[in-house]
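The values are calculated or read from the model by the stated rules, or taken from the named source; none is laboratory data. In this text, all values refer to a predicted model and were calculated from it rather than measured experimentally. Quick reminder, even Gly has a Cβ in these numbers, built from the backbone with ideal geometry, and neighbours come from all protein chains shown. Ligands, DNA and RNA are excluded from the accessible area calculation, which covers all protein heavy atoms including side chains. Shrake-Rupley method; radii C 1.70, N 1.55, O 1.52, S 1.80 Å.
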Amino acid sequence: MPGAYDVHVHIQPWSQLKPDVSAAMRRGKEDHWERLIALMDDPAALLEVLDASGIWRVGLVNYPSPDLM
């Protein structure tokens, strides 16, 4: 059986966010912060999660909005 496709994966590097936005994104995720950053910074780490989840292909979405985020 073929794997799933996920065509809407946000992958904006949080290191590019404004400090206030970054703090809001981090809130409630402190226990997993290092892993989340690794998924954004290391394609191999993201592929590992996708493979383990049976996701064959993804459509990566970046949300460049420097005036807001």
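Quick notes
- Selection of region 55-66 for residues being open to solvent by 80 Å² or more (accessible area, probe 1.4 Å), over 11 Å from the mean Cα position of the chain (by Cα) and farther than 14 Å from GLY3 by Cβ yields TYR63, PRO64, PRO66.
- Considered as a group, the residues in region 2-28 that are farther than 16 Å from TYR63 by Cα and open to solvent by 70 Å² or more (accessible area, probe 1.4 Å) include one that is modelled with the lowest pLDDT, and that residue is PRO2.
- Residues in region 22-67 that are of a type in the set (D, E, K, R) and touching a strand residue (DSSP E or B) at 6+ places or on another chain (Cβ under 8 Å): ARG57 only.
- Subset of region 31-43 [open to solvent by less than 70 Å² (accessible area, probe 1.4 Å) and over 15 Å from PRO13 (Cα atoms)]: none
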